[in-house]
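Student: Sending over a structure as structure tokens; questions will come in a sec.
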Amino acid sequence: MELHTMTAAELSRLLQSGEVSSVETVESCLDHIAARDETVGAFLTVLSEQALRAAARSDARRREGRSLSVWDGVPIAVKDNLALAGVRNTCGSKMLEHYLAPYDAHVVARLKELGMPILGKTNMDEFAMGSSTEYSALQVTRNPWDMERVPGGSSGGSAACVAAGEAPWSLGSDTGGSVREPAAFCGLVGIKPTYGRVSRYGLVAFASSLDQVGTFSRTVSDGAALLQIIAGNDGKDSTSLPDTVPDFAGSLRRGVQGLRIGVLEGWEEDNILPSVRASMQEAVAVLKDAGAEVITVSLELLDKAIETYYLIAMAEASSNLARYDGVRYGLRVEGADAADMFRRTRSAGFGPEVKRRILLGTYILSAGYYDAYYKKAQQVRTLIRDAFSKAFHRVDVLLTPTTATTAFRFGEKQDPLQMYQTDYYTVPANLAGLPAMSIPFGRCDAGLPIGLQLTAGALQESIMLQAAAALESVEEQRRGSYGTV
Ligand code: GLN
């Protein structure tokens, strides 16, 4: 049995029926990591022994009829900005290259509570700043569908390992698209929940008003299940919402009859790849055929979302990253005095993109510029959020491309502004705090995956998943023709 290509749901079934053991499952993933990851480069840390021990304990529990959950024994990979006690938490940075996490992130603790072995920690753009994983200071990660291309970012490792068959599913983080964009580039389902739906306790902060933990999976149903596992109120994150979490799996069977799907006015004139346009057109037709109503909406100031996002993200990053001072966390480079030590530590520890953002973020927040940049960005953010609320009176879900193109080549986006443009469709949901997901739908001429994005109103993940399931049923039928990575 090809265990490493199975979905988490299939593995769960086989584990429950006793047809396979967790040790066999984890071994299959580890064998695949050993065979492939030297080229793919998804993992920064592989936890072979730890995962095998967890798998053996899971098998013992199952034999004794005291499994912790249906996911007991199903392995998973975790982005390297989510704390796993006693394990390196590098954030793809020299600054934290040798830093050991002192505790488990809330979401990591949830995985452990349910008995899931953790295969390892995955590569990412440094401090989650980037859209290709090229900004990792530690390693190159390749797109399993085309090794000459980027896997997307910043959660590139979490996407690449699932696409490469090294893990059935994984966790990432999404501040401006870092789950959805790599999911699109690697042909996976990527979910960014509503801001506050999932606790960020133990997620290294990048831009705190935007950060959310998200999921990568091969199917919508696995994504819904993983979201179910990690969602819910947590007293250790003050932004965590008290709302009860609905049964996401239940929404997958509902179909889209009567659902109101929004598309953006004039979207066909957007500067997107023809094959992405074709996928969008097909998706609209599929949803209509299935009984959904397709409605055109306009979202005011959407074309200002990139500028707004980068102003806010950089400002917050400059503040959050002040803690890496050589005293409390990670790298320390000695100097003549304290100021010299700070300077040397931060000069050596941060890469060029992180430095750029700290400098710009500090500038944006400085006296005299605060009103012109930071305050203005916050005002535009409010207007964008209002525009979404208005739109969600008229529609249930918004359908857009996740990205304008498929995965690009290494080095193709040298100009940072070009890299930032990649996030055109993904940052609005973070600014508005809304749930959004990418779903694989079609391929470009070169055979690379195309991702479409579904965005819903706050806490309406179920409706978003419902629409995703309808699109997946069509994609499912042609998956065989895509070949394997
Ligand atoms: N690409 C965006 C950025 O560089 C988003 C990153 C993210 O979501 N972590 O900020």
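Student: Quick one: which of 6-13, 163-170, 270-277 comes out on top by average Cβ neighbours within 10 Å, and what's the full order, highest first?
Tutor: 163-170, 6-13, 270-277
Student: Let me check I have the definition right: for segment 355-485, take the eigenvalues of the Cα gyration tensor, multiply each by 5, take square roots. What are those semi-axes in whole Å, largest first?
Tutor: 33, 23, 9
Student: While we're on this one: Figure the gain on full extension for residue 113 and residue 412 (residue separation times 0.36 nm, minus the Cα-Cα span) and round it to one decimal in nm.
Tutor: 103.4 nm
Student: A follow-up question, please. Counting only protein chains, not ligands or nucleic acids, how are 239, 141, 484 ordered by accessible area (probe 1.4 Å), most first?
Tutor: 484, 239, 141
Student: So, in Å, what gap is there between the alpha-carbon centers of segment 330-380 and segment 191-266?
Tutor: Cα centroid to Cα centroid, the span is 31 Å.
Student: Over all Cα pairs of segment 192-294, how is the pair count split among 5 Å bins, expressed in % and running from 0 up to the last occupied bin?
Tutor: 2, 11, 15, 14, 16, 17, 13, 9, 3, 0
Student: What whole-number volume per residue, in cubic angstrom, does the convex hull of the C-alpha atoms of segment 389-446 give?
Tutor: Convex hull of Cα atoms, per residue: 109 Å³.
Student: What is segment 102-170 by shape, rounded, prolate or oblate, if you read a ≥ b ≥ c off the alpha carbon gyration tensor as root eigenvalues and call it rounded for a/c under 1.5, prolate for a/b larger than b/c, and oblate otherwise?
Tutor: Since a/c reaches 1.5 but b/c is at least a/b, the shape of segment 102-170 is classed as oblate.
Student: How many percent of Cα pairs in segment 268-314 exceed 15 Å?
Tutor: Within segment 268-314, distances greater than 15 Å cover 64 percent of Cα pairs.
Student: How do the peptides 419-426, 304-311 rank, highest first, by the average count of neighbouring beta carbon atoms within 10 Å per residue?
Tutor: Put in order of decreasing packing, that is 419-426, 304-311.
Student: If you count, for each residue, the other Cβ atoms within 10 Å and average over each peptide, how do 196-209, 67-80 line up from highest to lowest?
Tutor: Order by mean packing, descending: 67-80, 196-209.
Student: Something else about it: Looking only at the chain, where both bridge partners belong to it, what percent of the DSSP beta bridges are antiparallel (to the nearest 5)?
Tutor: So the antiparallel bridges amount to about 70 percent of the total.
Student: Here's another thing I want to ask about it. Can you list, bin by bin at 5 Å, the percent of alpha carbon pairs in segment 280-438, starting at 0?
Tutor: Spelled out bin by bin, segment 280-438 gives 1, 8, 13, 15, 15, 13, 12, 9, 6, 4, 2, 1, 1, 0, 0 percent.
Student: Okay, next question. For segment 1-145, how big is the tail of P(r) above 26 Å, as a whole percent of Cα pairs?
Tutor: 27 percent
Student: Gap in Å between the Cα centre of segment 44-60 and the Cα centre of segment 383-420?
Tutor: Segment 383-420 and segment 44-60 have Cα centres separated by 38 Å.
Student: Further question: So what's the net charge close to residue 387: Lys and Arg +1, Asp and Glu -1, counting the other residues with Cβ under 15 Å from its Cβ?
Tutor: With Lys, Arg at +1 and Asp, Glu at -1, the neighbours total +1.
Student: Still on this structure, please answer the following. From the phi of every residue in segment 275-281, what ³J(HN,Hα) in whole Hz does the Karplus formula 6.51 cos²θ - 1.76 cosθ + 1.60 yield, where θ is phi - 60° and glycine or proline is x?
Tutor: Using θ = phi - 60°, the values come out as 6, 5, 4, 4, 4, 4, 4 Hz.
Student: Quick one: Debye curve from the alpha-carbon atoms of the chain only, equal weights, vacuum; give me log10 I(q)/I(0) at q = 0.06, 0.11 Å⁻¹ to two decimals.
Tutor: Cα-only, vacuum Debye calculation for the chain: -0.24, -0.84.
Student: State the answer as a single residue: which of 276, 129, 164 lies farthest towards the positive end of the charge dipole of the chain, with beta carbon charges of +1 for Lys and Arg and -1 for Asp and Glu, about the Cα centre.
Tutor: Value computed over the given set: 129.
Student: A follow-up question, please. Counting only heavy atoms of the protein chains, get the accessible area per residue of segment 311-377 (1.4 Å probe) and round it to a whole Å² value.
Tutor: Here the residues of segment 311-377 average 53 Å² of exposed surface.
Student: Counting only the backbone N, which residues of segment 11-25 are under 15 Å from the spot 7 Å out from the Cα of residue 31 toward its beta-carbon?
Tutor: Output list for this probe position: 20-25.
The values are calculated or read from the model by the stated rules, or taken from the named source; none is laboratory data. A quick note: this is a predicted structure, and the numbers were derived from the prediction, not measured. Here the Cβ is made from the backbone with ideal geometry for all residues, glycine too, and neighbour counts use every protein chain on show. Side chains are part of the model used for accessible areas, which takes the heavy atoms of the whole protein and leaves out ligands, DNA and RNA. Shrake-Rupley method; radii C 1.70, N 1.55, O 1.52, S 1.80 Å.
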